[in-house]
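Contents: one structure, followed by commentary.
The values are calculated or read from the model by the stated rules, or taken from the named source; none is laboratory data. Computed from a prediction, not measured in an experiment: that's the story for all the values here. Note that we place each Cβ from the backbone using ideal geometry, even for glycine, and neighbour counts take in every protein chain shown. For the accessible areas, the whole protein counts, side chains as well, though only heavy atoms, and no ligand, DNA or RNA atoms are used. Shrake-Rupley method; radii C 1.70, N 1.55, O 1.52, S 1.80 Å.
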Amino acid sequence: CLHNQPLCVPNKLVQNSKQQSTMKFSSSILSTALLVSASCSSAAAFSTHQRTLASSSSSMRTTSSTTFLASTTEKETECSSSSSTSTTRTISPEFKEARDQAIATLKAQLPPEAAPALEQPLAHFVSEYFQALSDSAAAGTKNPNGSAVTPQQAVKNMLTTLSYGLKYGLGKDKFIFEDVRHMALRGADFNDAVTDARYEKESLREKLGPDVTTDFYAAGCDFFRPSIDLEHSLVLGQDNLKKAQEQIEAGENVVFLANHQSEADPQVVSCLFEKVGKEAGELAAHVTYVAGHKVTTDALAVPFSMGRNLLCIHSKKHIDADPETKPAKSRQNMAAMNGMLRGLKDGGMAIWVAPSGGRDRRNVDSGKVPIAPFDQKTVDMFRLMGNKSKVPTHFYPMAMVSYDLCPPPDFVEAGVGEQRNVRFTPIGIAIMDEVPNVGGAEKRHLFTEKAEEECIVGYTNLLKGLKMDKYIPEEYSS
């Protein structure tokens, strides 16, 4: 998710912008890996991953549990009740059995010193995911290959994701994002026509081991796709999406200025673009997401981030936290800006960024979910970089409705215990008309205002089309 912190961008490029990010998962959720190896007999087919988790279990009890506690107490976590988005749902007996065994194993395996802080949020997360997939199965949802959504699939998805998190987020093979502009790891044999030179490096092949052919992009999509009601989801503005595709294919750049509602928004983009068609799905995999530093350091976020094209930038708060490391972080931010500029100069680059600097939050009094305001200086920065590239750069507002998929907490507070929610729900994207990148400094506010207004129009149309009118703020109806 995005944190409401300004980007620390070098003065020579732009000042006081806002940090952007993609998605954040609490590293504490990785503790659920302890439950999977004994969670359900249906997981027997995944014995290789089970052995990986089992071998990690003893060390986690003595060392990693401390890491989990430190990471959840030292960083800001968002805490609130999501009762307004909760409804009484009936889980099927098969999914309930798998869920109950998983939670029982979790409670038995958590080290005593970790249990008070982790037991409830982890059990909640597991319950939510199994409930969402149970609802998905009851609705008759089919996987891309036509198969039904099953308890075995829920176990496999959780098992696979957590095993990756243990290995690449915490273990001796922890993945280091060496480049400020990270390119998605799609597997050594993903594309026979194009060779990814990174896989020719022995160091990477040794680090990935049996996962050298893993498509981490697909793995992230596979985790969230069954919890999405794609049949009833909407993609509006497909003509604009096609126009953006054509501009990218012509070697020009496209920046999607989006609102941000869910930790799963990158997967939302992918799954909905796939719904449009093969070419749009390929575009989704091509998009670069502007990310905060935590998506490359948070243990569970790491495998999801490994499968995404990312530009990582330290937030101003993070960069000022340690004076000794501030120069190095400033240099990294400069390198990230230069990396983005190089990509824009090369042309054919697609960027997703949320100018608000954070997820949209529910108004606790009205229950409405307004779009978080776009930050002027963030938008200015991307316009500046587009102009510096000397390559035509196009800006499209992108409205997103994904709040119910992973409803965020209502407030940001220090502490632990955020409840991570997952709902089986339809979602939506609206690609609005391009906002021309014209006008001088004295009128730059008009560009940002127009982009935000277009996003609001698309957002309102999506909520109406999805029969989610309850979330539309009154001021959007005037």
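For the stretch 122-188, the spread of Cα positions along the three principal axes, ordered from largest to smallest, is 44, 29, 18 Å.
Expressed as a whole percent, the accessible surface of the stretch 191-232 that belongs to carbon and sulfur atoms is 49, based on a 1.4 Å probe. Note that the stretch 286-387 presents 32 Å² accessible area per residue, ligands and nucleic acids not counted, probe 1.4 Å. In a simple Cβ point-charge model (Lys, Arg +1; Asp, Glu -1; nothing else charged), the stretch 231-281 has a dipole of about 80 debye relative to its Cα centre. Using a probe of 1.4 angstrom and keeping all protein chains present, the accessible surface of the stretch 163-284 works out to 44 square angstrom per residue.
The charge dipole of the stretch 260-416, taken about its Cα centre with unit charges on the Cβ atoms of Lys, Arg (+1), Asp and Glu (-1) only, comes to about 620 debye.
Spatially, the stretch 422-478 and the stretch 267-327 are offset by 22 Å when compared through their Cα centroids. Checked against a 32 Å cut-off, the cross-linked pairs Lys275/Lys450; Lys172/Lys242; Lys294/Lys467; Lys172/Lys278; Lys329/Lys390 give Cα-Cα distances beyond that limit for Lys172/Lys242; Lys294/Lys467; Lys172/Lys278. Rounded to the nearest 20 debye, the dipole magnitude of the stretch 147-255 is 460 debye, with +1 charges on Lys and Arg beta carbons, -1 on Asp and Glu beta carbons, and the Cα centre as origin. Multiplying the residue separation of Gln120 and Ala197 by 0.36 nm and removing their Cα-Cα distance gives an extension gain of 23.3 nm.
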